[in-house]
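Before any comments, here is the structure.
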Amino acid sequence: MSQKRPVSEPSDQELVRLAKADPEGEASRRAACMLLSRHRDRVYAWCYRRLGNADEALDAAQEVLLSAYRHLSTYEPRGEFGTWLYTIARNRCVSQQRRPSLIHDADVDPDLIPDPANDPAQILVDRMSEEALLDLIRSHLDPLEQEALWLRCFEQMPVERITAVLGIRQSSGARGILQRARRRMREALARTQATGEALGDET
Amino acid sequence: MKPSCYSLEELVVAAEQPRGEPRREHLETCPRCRAALTAYRDFMDERDRLPAEARAAECSGRLQEILEAQILGEPVTRSAPDARRAGGLRAGDGRRARQWLARLFVQAWRPAWIVAAASLVLAIIFIPRALHREGERGPSMRGPDMRDPASPGQVMLVSEARVLAGGDLEFAWAPTEGVDRFDVRFFDKGMDEVARRDAGRATSLRLSAAERTEIRGAHLWQVVGLRGEEEAARTPLREIPGPGSPD
């Protein structure tokens, strides 16, 4: 065995600076390659968890990493490089997934899905602004239910992943939390409808 | 985003603030900001392993090849199963190629296609004749002969690493014409070379479980074929399989 070089690990921000210094130069391209190589497994793992299919995840991860490379010149290091890369990955994956509703979610309640088009609760939700929904969630759900529901509906996180990231230990995992949260939301919406509150309805 | 909500960069900072600090206070009471930060932390978290069907090591290797090809201009190669799965192209290229072909066959492009087809027929007829005459005059190509299988930068097509029973690691690659000896090089995740082994003329290298400590910290491997002291060929970078994945 020979040539054991000292392993020096430049930070992400140092690599960004190098990569932006002379984008066409050899050193800058190597820095960009090293930077994105460092994050490639994380991007792939995240895409896989979102999409649940290796080929789709590879496709998405490739697009995310190459998009980051193409737009590296526009990146302004205001925080961790990961936040910027994550935003690209999120936009890429979220756009190709079906967004679960606050009221109906086939992954959580496969047997309790009425026709959303005729469901008064769903119609009310569709007419409410995101801010009004946020207020409703805040005032009717406990913090764990709030976060689980928001992760599911707006971050489009898979139910199993919500169980893991929120450290939910009960046997039904996030599924039970989400079922309870949705039940409370339906009750709250029914009360809202009955009392005729506007709740941010702009129509 | 609500006016009072923070950007992801600010949320990362907010989480580090002491209780009572306004940004931290907001984070604790806003489900949207909490969910955004939780989702980001999930992205950054590498503790949870993916299931076998995610083919994590293989996809990681493919992504590395793609990054090198796109950023450093180094050629992409893949094993036969990869090529079949990806339709002989990079992941995603199949869809893009179909869209591109669909655009090419629209009515407006038909005259161009006719001209191209006619040019191709003429080229098939005349180029072999021209090359034959060129051969009679003797070689006159300048620069490296791209038909030489050991031209600098050539990529050896087959390379694989596997864990054998007993924990030994075996690296194997294709024999390559015009190469005097092979170096097996090991790199960490930051692409720093951490070790190198001279394999001589052999086309495989075996490391015992004990010898694996010598490449501790290495994440990727590559074989470089040398002619004299000059690099004549090399394999793409590939991931070193973990100790728990015997074939």
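The values are calculated or read from the model by the stated rules, or taken from the named source; none is laboratory data. In this text, all values refer to a predicted model and were calculated from it rather than measured experimentally. Positions of Cβ are backbone-derived with ideal geometry, glycine not excepted, and every protein chain shown enters the neighbour counts. Ligands, DNA and RNA are excluded from the accessible area calculation, which covers all protein heavy atoms including side chains. Shrake-Rupley method; radii C 1.70, N 1.55, O 1.52, S 1.80 Å.
Give me the net charge for the shell around B:R238: Cβ to Cβ below 9 angstrom, other residues only, Lys and Arg +1, Asp and Glu -1. Display every interim value, and only then the final one.
Numbers: positive: none; negative: B:E65, B:E160, B:E239.
Counting the neighbours of B:R238, the net charge comes to -3.
Per residue, what accessible area does the range A:12-97 have, given a 1.4 Å probe and all protein chains present, in Å²?
Numbers: 3510 Å² over 86 residues.
With the other protein chains kept in place, the range A:12-97 gives 41 Å² per residue.
How many Cβ atoms of partner chains, on average, are near each residue of B:52-58 if near means within 10 Å of its Cβ? Working shown, then result.
Numbers: counts 0, 4, 10, 6, 6, 1, 2.
Mean inter-chain Cβ contacts per residue within 10 Å come to 4.
Taking just the C-alpha trace of the range A:12-97, give me its Rg and Dmax in Å.
Cα radius of gyration and Dmax of the range A:12-97 are 12.9, 38 Å respectively.
Pairs of alpha-carbon atoms within less than 8 angstrom and 6+ residues apart define the contacts here; what relative contact order does the range A:12-97 have, in percent? Could the numbers behind the result be given before it?
Numbers: 70 pairs, mean separation 23.9, N = 86.
Relative contact order comes out at 28 percent.
How long are the semi-axes of the equivalent ellipsoid of the range A:132-174, defined as square roots of 5 times the Cα gyration tensor eigenvalues? Whole Å, largest first.
Numbers: eigenvalues 74, 29, 8 Å².
Largest first, the range A:132-174 gives 19, 12, 6 Å.
Mind grabbing the interface size between A and B? I mean buried accessible area, both sides, 1.4 Å probe, in Å² to the nearest hundred. Write out the running numbers ahead of the final one.
Values: alone 12510 and 16930 Å², together 23840 Å².
Approximately 5600 Å², summed over both chains.
Please list B:56-65, B:196-205, B:18-27 highest first by mean number of surrounding beta-carbon atoms within 10 Å per residue.
Values: B:56-65: 21.6, B:196-205: 15.5, B:18-27: 12.6.
Descending mean neighbour count gives B:56-65, B:196-205, B:18-27.
Using a 1.4 Å probe, how large is the accessible area of B:V121, given in Å² and rounded to the nearest 10?
B:V121 has an accessible surface of roughly 80 Å² with all protein chains in place.
Provide the net charge surrounding A:G79, with neighbours chosen by a C-beta distance below 10 Å and charges set as Lys +1, Arg +1, Asp -1, Glu -1.
Details: positive: A:R78; negative: A:E76, A:E80, B:E9, B:E10.
With Lys, Arg at +1 and Asp, Glu at -1, the neighbours total -3.
Mind checking A:51-58 for the average number of partner chain beta-carbons within 10 Å of each residue's beta-carbon? Don't skip to the end; give the middle numbers.
Values: counts 0, 2, 2, 10, 7, 2, 6, 14.
Partner Cβ neighbours, averaged per residue: 5.
Across the residues of B:27-33, average count of Cβ atoms on other protein chains within 10 Å? All intermediate terms of the calculation are to be shown ahead of the outcome.
Details: counts 0, 1, 3, 5, 14, 11, 2.
Mean inter-chain Cβ contacts per residue within 10 Å come to 5.
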